[in-house]
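The values are calculated or read from the model by the stated rules, or taken from the named source; none is laboratory data. Computed from a prediction, not measured in an experiment: that's the story for all the values here.
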Amino acid sequence: MAKKWALIAWLLLSSLSTANSTSFQECYATCFVICAITPGVAFSDCPLRCLQACIIPSFPIDNNDVHRQEQNQFFCKLGCAVSSCTKFSTKQNPAEKEVGNCVDSCSQTCSMD
């Protein structure tokens, strides 16, 4: 039974990383709840897993300058979010609005303008 739940959670988490039509806050809240109830996953891993799933889209890694700049932007945003935004979430509350606002500020920090 635990393997079944783990597989379902993994499929849902994987699909979240490619869901461009989903806002960050919706993605994070959904991911967080799924992660928190997944057997065998430490709660402390959920903020990082969900930031990664909701910030970094699935894309092929190549040497194209435009893609490389996009990739650098995503990784900068993820690094900023991991160091600044994980503190808001608790086991009872993913705090998706606070985390979303924090991630938005990371977007400005990592802006290439």
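Quick one: is Val82 β-branched (Val, Ile, Thr) and modelled with pLDDT of 90 or more?
Values: β-branched (Val, Ile, Thr): yes; modelled with pLDDT of 90 or more: yes.
Criteria met by Val82.
Which number in (1) at pLDDT 90 or above; (2) within 13 Å of the chain's Cα centre (by Cα); (3) not in a helix (DSSP H, G or I) marks the one condition that Ala19 misses?
Against the list (1) at pLDDT 90 or above; (2) within 13 Å of the chain's Cα centre (by Cα); (3) not in a helix (DSSP H, G or I), Ala19 comes up short only on (1).
Against the definition (under 15 Å from the mean Cα position of the chain (by Cα), assigned to a loop (DSSP other than H, G, I, E, B) and modelled with pLDDT of 90 or more), how does Pro94 come out, yes or no?
So Pro94 passes the test.
Within segment 30-69, count every residue that is in a helix (DSSP H, G or I) and modelled with pLDDT of 80 or more. Spell out the reasoning first.
Taking segment 30-69 first, the residues in a helix (DSSP H, G or I) are 30-37, 43-55, 65-69.
Within this subset, residues satisfying the condition of being modelled with pLDDT of 80 or more are 30-37, 43-55.
Summing the residues that are in a helix (DSSP H, G or I) and modelled with pLDDT of 80 or more in segment 30-69 gives 21.
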